[in-house]
Amino acid sequence: MRNVHVDEVDALDRAVLAIGTDYPPGHLLPRHEHRRAQVLHAATGVMEVATAEGTWTVPTDRAVLIPARTRHQVTMLDVSTRSLYIEPAAVPWFPGRCRVVEVSPLLRELLLEAVDMEPRYAEHGRDAALIELLLHELADLAPLPLDIPLPADPRLRRLCDAFLRAPDIHDPPARWAAALNVSERTLGRLFRGTTGLSFAQWRQRACIVHSLRHLAAGVPVTRIATDLGYDSPAAFTTAFRALLGRPPSACRGTPPAGAAGR
């Protein structure tokens, strides 16, 4: 199925529905939820998924697992998606919160095939076997650290939201502590207790994840590193590789007009 809203087919008596959708640049899906668990795959472009718990950035050829009944919004940056909507009983292993995962070459081909199947595919035969293989592949996906957990504390949440709008790798914890009227040690405990990360880890991850949309848009690494406050492109590349296991060049898109040499 292509460019069909899931609500139109949700009642079909099949464990898995596969839908391919093309979105205009910058399209926003406002907060909503699905009865089924969702596997949202970025065949092209970059997606940003937000819930009350945090944000997840999904580069091309990755996917995000969204549990059933999870309210979320999605920002689409030149995106074409391949989605699976799965009856929760068919995926008892599904995570309890969103998770970005690698998509293997095999899984990618299975997703492309699935969206061209009949919605009410035969329960025995090739299509049913393809769906069964899809579910096996999904259960073994490797998670990626592409989420930005956000604290429940409203004062700390406001500081985090402001940082995400203008990330700076050298933003000092002393500034945050002063804004909260707490010590740096207390700030550290707040971060660890509410996000599971230290302040430095959260700051680093936020910067690297922020860079993905710019890399996909073809912005030069030198410019991205400078905008994020890294001392050099090499320092940015080292941090990027430490988090994601690959260099920024692996996530580069086509440079924008006039970007050459910047």
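Just so you know, all these numbers are worked out from the coordinates, no wet-lab data involved. Model, not experiment: these values are computed from the prediction. Note that each Cβ is placed from the backbone with ideal geometry, even for glycine, and that neighbours are counted across all protein chains shown.
Only Cα pairs within less than 10 Å get springs; with that Gaussian network setup on the chain, which residue of LEU17, LEU244, LEU84 has the largest fluctuation?
Highest fluctuation among the options: LEU244.
For the chain, modelled as a GNM with alpha-carbon contacts under 10 angstrom, which of HIS210, HIS41, HIS136 fluctuates the most?
Answer for the Gaussian network model of the chain: HIS136.
Report, to the nearest 10°, how far helix 105-114 tilts away from the longest principal axis of the Cα atoms in the chain, using its own Cα long axis and a range of 0 to 90°.
50 degrees
Compute the long axis of helix 184-195 from its Cα atoms, compare it with the longest principal axis of the Cα atoms of the chain, and write down the angle in degrees, 0 to 90, nearest 10.
0 degrees
Let's see if you can work this out: charge +1 on each Lys and Arg Cβ, -1 on each Asp and Glu Cβ, no other charges. What is the dipole magnitude of the stretch 150-251 about its Cα centre, in debye to the nearest 20?
Computed about the Cα centre, the dipole is about 260 debye.
Report the chymotrypsin sites (Phe, Trp or Tyr not before Pro) located in the stretch 1-94 that are in a DSSP loop and have at most 12 other Cβ atoms inside 10 Å of their Cβ, or state none.
Filter output for the stretch 1-94: TRP93.
For the stretch 150-229, state which chymotrypsin sites (Phe, Trp or Tyr not before Pro) are in a DSSP loop and have at most 10 other beta carbons lying within 10 Å of their beta carbon.
Answer by residue number: there is no such site.
For helix 126-139, what angle does its Cα long axis make with the longest principal axis of the chain, in degrees from 0 to 90 and rounded to 10?
20 degrees
Once you put a point 7 Å from the Cα of ALA122 and another 7 Å from the Cα of THR226, both along the Cβ direction, what distance in nm separates them?
Each label point lies 7 Å from its Cα, and together they span 6.1 nm.
Please work out the FRET efficiency for the pair HIS5 and GLU184, using the Cβ-Cβ distance as r and a Förster radius of 51 Å; give the result to the nearest 0.05.
Result of the calculation: an efficiency of 0.55.
Mind giving me the FRET efficiency for ALA139 and GLU109? R0 is 22 Å, r the Cβ-Cβ distance, nearest 0.05 is fine.
0.80
How far is the Cα center of the stretch 177-220 from the Cα center of the stretch 131-171, in Å?
Taking the Cα centre of the stretch 131-171 as reference, the centre of the stretch 177-220 is 11 Å away.
What value, in deg cm²/dmol to 500, does the helix sum -39500 (n - 2.57) over DSSP H runs of n ≥ 4 give at 222 nm once divided by the residues of the chain?
Estimated from H runs of four or more residues: -11000 deg cm²/dmol.
If you take the beta carbon distance between GLU132 and ARG192 as r and set R0 to 51 Å, what does 1/(1 + (r/R0)^6) give as a FRET efficiency, to the nearest 0.05?
0.80
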